[in-house]
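Scroll down for the structure; my scribbles are underneath it.
The values are calculated or read from the model by the stated rules, or taken from the named source; none is laboratory data. None of these values were measured; they are calculated from a predicted model. All Cβ positions, even for glycine, are placed from backbone atoms using ideal geometry, and neighbour counts span all protein chains on display.
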Amino acid sequence: MKPSQAPVIELTHADSTSNLLLPYADHGIQAGFPSPAQDYITEAIDLNLEVVRHPAATFYGRVNGDSMIDEGIEDGDLIVIDRAIEPGNGDLAVCCVEGEFTLKRLKIEPDRIWLIPANETFDPIMITDDSRFEIWGVVTYVIKRKYHHR
């Protein structure tokens, strides 16, 4: 396994006891032809309530590496990981392989599991009965580090 295929993912437990109400454009924001300017910011949301379904089992992690770049997941992005969700075929998951965390898409077959990267420079990882392996949690959200150009 290439060193950058098993990035360090910094984990932080989700603190759902705090709340931070942020202004929210509840009528949506046009990504096509712009609509006439109006004051759409009438509500507030708490991101913890939006992205955390199971507070005791939810963690945030910071991605380190580029093995999932073709899915738009880049170095520095923040992921929301829910350990209460039963992982299934095709899920994006944080896995522990031989003592190291990695972020990959699951391909579950009757006799083996494959961890599939989203970058053609990386090979899939085949998990065998001899592997030290755990599906640590399922990724439910990806929060981009930034879209600002500077």
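Arg53 meets each of the listed conditions (1) in contact with an Asp or Glu (Cβ under 9 Å, 6 or more places away or on another chain); (2) modelled with pLDDT of 95 or more apart from (2). Annotation note: of Gly99, Gly61, Gly90, the sole residue that is closer than 30 Å to Lys146 by Cβ, surrounded by fewer than 16 Cβ atoms within 10 Å (Cβ to Cβ) and not aromatic (Phe, Trp, Tyr) is Gly90. Kindly indicate whether any position in region 133-147 is out of contact with any Asp or Glu (no Cβ under 9 Å at 6 or more places or on another chain), closer than 25 Å to Leu47 by Cβ and among the charged types (D, E, K, R). Yes, region 133-147 has at least one match. Note on region 56-74: among residues that are aliphatic (A, V, I, L, M) and outside any loop (DSSP other than H, G, I, E, B), the one that is nearest to Leu106 (Cα to Cα) is Ile69.
Considering (1) modelled with pLDDT of 95 or more; (2) in contact with a Lys or Arg (Cβ under 8 Å, 6 or more places away or on another chain); (3) of a type in the set (A, V, I, L, M), the lone condition that Leu106 does not fulfil carries the number (2). Once region 64-79 is narrowed to residues that are buried (at least 17 other Cβ atoms within 10 Å of the Cβ) and of a type in the set (Asp, Glu), the residue that is nearest to Gly137 (Cα to Cα) is Asp77.
Just one of the numbered conditions (1) modelled with pLDDT under 80; (2) part of a loop (DSSP other than H, G, I, E, B) is not true of Glu43: (2).
Each row is one residue, and each column tells you yes or no for (1) more than 25 Å from His54 (Cβ to Cβ); (2) touching a helix residue (DSSP H, G or I) at 6+ places or on another chain (Cβ under 7 Å).
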site	(1), (2)
Val80	no, yes
Leu92	no, no
Arg105	no, no
Glu109	yes, no
Arg112	yes, no
Leu115	no, no
Ala118	yes, yes
